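Reviewing the structure listed below.
Taken together, the values in this text are just the output of simple stated rules run on the coordinates, not laboratory data. These numbers were taken from a predicted model, which means no experiment stands behind them. Positions of Cβ are generated from backbone atoms using ideal geometry, with glycine treated the same way; all protein chains shown enter the neighbour counts.
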Amino acid sequence: MSRIGKMPIQIPSGVKVNIEGESITVNGPKGELSRKIPTDMIVNLESDVLTVSRPSDNTKHRSYHGLTRSLLANMVEGVSKGFEKKLEIVGVGYRAEKTGDNLTLRMGYSHPVVVTPLPGTTLSVEGNNRITVSGIDKEVVGEMAAEIRAIRRPDAYKGKGIRYAGEVVRLKPGKAGKAVGK
């Protein structure tokens with residue numbers, strides 16, 4: 001039995017779950033999410049507790065069991081609390097500005113890079129070097145943060161670029177061996 005799949009999902013007050021065949025819709029104070037789940041998975045809703053079970057120990061059913069439970073738990077958490085990812089900009093002259101809904105990044109290129117948020121996400125800037133991506137769908141928030149980070153990944157020698165908050169960048173030593181020999 002899947003350890004993750006067999007855990008029940010507690011539904012907080014203010015969140016409504018609607019199960020219609022293989023389509024599940026979750027409504028909450030932050031918004032609404034819907035998703036189709038694999039047809040073989042069995043989802044039960046009993047007095048504010050959502051459980052996922054599988055019909056057999058088939059390899060396909062076992063792999064979908066934990067996945068389905070995690071997706072449903074993320075939907076419930078998203079409509080009640082929401083998700084956010086924080087990014088940091090490191091480097092002299094690198095900065096971010098909020099222009100309307102878009103984000104303008106000056107990352108050392110010959111032109112500013114304009115980032116348009118994906119539907120369902122909001123971008124905010126704290127100071128000029130901290131970016132926050134927030135939304136109710138964990139998958140879309142992560143994708144938006146990854147797209148922003150891909151504009152200028154952290155450099156392996158100086159550590160300059162866009163990184164996730166708390167990300168540790170291991171720096172390479174550089175050309176120190178050349179100076180020691182002479």
**Message:** Using +1 at the C-beta of Lys and Arg and -1 at the C-beta of Asp and Glu, which of THR122, ASN18, GLY28 has the Cα lying farthest in the positive direction of the dipole of the chain?
**Reply:** THR122
**Complete:** Eigenvalues of the alpha-carbon gyration tensor of the chain, times 5 and square-rooted, give semi-axes in Å, largest first, of 41, 22, 12
**Prompt:** Using the alpha-carbon atoms, what tilt in degrees (0 to 90, nearest 10) does helix 138-149 show relative to the longest principal axis of the chain?
**Reply:** 10
**Request:** May I ask you to list the lysines whose Cα is less than 20 Å away from that of LYS60, ignoring any residue fewer than eight positions away on the same chain?
**Result:** LYS6, LYS36
**Message:** At a 10 angstrom cut-off on C-beta neighbours, averaged per residue, how do the peptides 71-77, 90-96 rank from highest to lowest?
**Reply:** 71-77, 90-96
**Request:** Please sort by residue number the GluC sites (Glu not before Pro) in the stretch 80-182 whose DSSP state is loop and whose Cβ has at most 10 other Cβ atoms within 10 Å.
**Result:** none
**Fill in**
For the stretch 53-58, Karplus-derived ³J(HN,Hα) couplings (6.51, -1.76, 1.60; θ = phi - 60°; whole Hz; x for glycine and proline) come out as 9, 10, x, 8, 9, 4
**Complete:** Diffing the stretch 59-64: the Karplus 3J(HN,Hα) column from phi (6.51, -1.76, 1.60, θ = phi - 60°), in whole Hz with x for Gly and Pro, holds 4, 5, 5, 5, 6, 6
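Using R₀ = 35 Å, calculate the FRET efficiency as 1/(1 + (r/R₀)^6) where r is the Cβ-Cβ separation of GLU147 and ASP57; round to 0.05.
Details: r = 39 Å, r/R0 = 1.11.
Here the calculated transfer efficiency is 0.35.
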**Prompt:** Pulled fully out, how much extra length does the chain show between GLU20 and SER124, if you take 0.36 nm times their separation in residues and subtract their Cα-Cα distance?
**Reply:** 33.8 nm
**Asked** Given +1 on the Cβ of Lys and Arg, -1 on the Cβ of Asp and Glu, and no further charges, what dipole in debye does the chain carry about its Cα centre, rounded to the nearest 20?
**Response** 1400
**Request:** Report, as a whole number in µm² per second, the diffusion coefficient that Stokes-Einstein gives for the stretch 83-164 at 4 °C and 1.567 mPa s using the Kirkwood radius over alpha carbon pairs.
**Result:** 103
**Request:** Kindly state, to the nearest 0.05, the FRET efficiency for GLU32 paired with LEU67, given R0 = 22 Å and r defined as their beta-carbon distance.
**Result:** 0.55
**Asked** What's the lysine pair count for the stretch 83-164 at a Cα cut-off below 20 Å, pairs eight or more apart or interchain?
**Response** 6
